[in-house]
1. Hey, among the residues in the range 1-56 that are within 20 Å of Asn67 (Cβ to Cβ) and of a type in the set (Ser, Thr, Tyr), which one's nearest to the chain's Cα centre (by Cα)?
2. Just the residues that are modelled with pLDDT of 95 or more and on the phi > 0 side of the Ramachandran plot, please, taken from the range 16-58.
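The values are calculated or read from the model by the stated rules, or taken from the named source; none is laboratory data. Since we're looking at a predicted model, the values are computed, not measured. Backbone-built Cβ (ideal geometry, glycine too); neighbour counts: all protein chains shown.
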Amino acid sequence: MCGSVTRLNKKLGCGFILGEDGCEAYFDLSSLEGMDIRALSIGKAVEYQEHFGHERLRAAGIKVIPNSQSESAAGS
C-alpha cells in the first residue's frame, strides 16, 4: 500500500501514515525497513503493509518511495 507520513515524532521514534484508502496507520522504529527515522518527514511518500496491532492499525515494512512528488516539491 502507498501513503504519506502525516504525523511524526522523531524523539519518540513513531508517527502515522495516511494510506491511499483514507485509513491512518501507526508506526514506530521497528516498522522501518532499511532506513533511519531521520529519512522521514511530514508529507514523505512511503510504501508499507498494514496489519492490526494492539488496538490500532499499524504499518510495517515501511520504505520511502524514490522520486515521489513530495520529494520533488521539497527540492523546488
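1. Among residues in the range 1-56 that are within 20 Å of Asn67 (Cβ to Cβ) and of a type in the set (Ser, Thr, Tyr), the one nearest to the chain's Cα centre (by Cα) is Ser4.
2. Residues satisfying the conditions are Gly22, Gly43.
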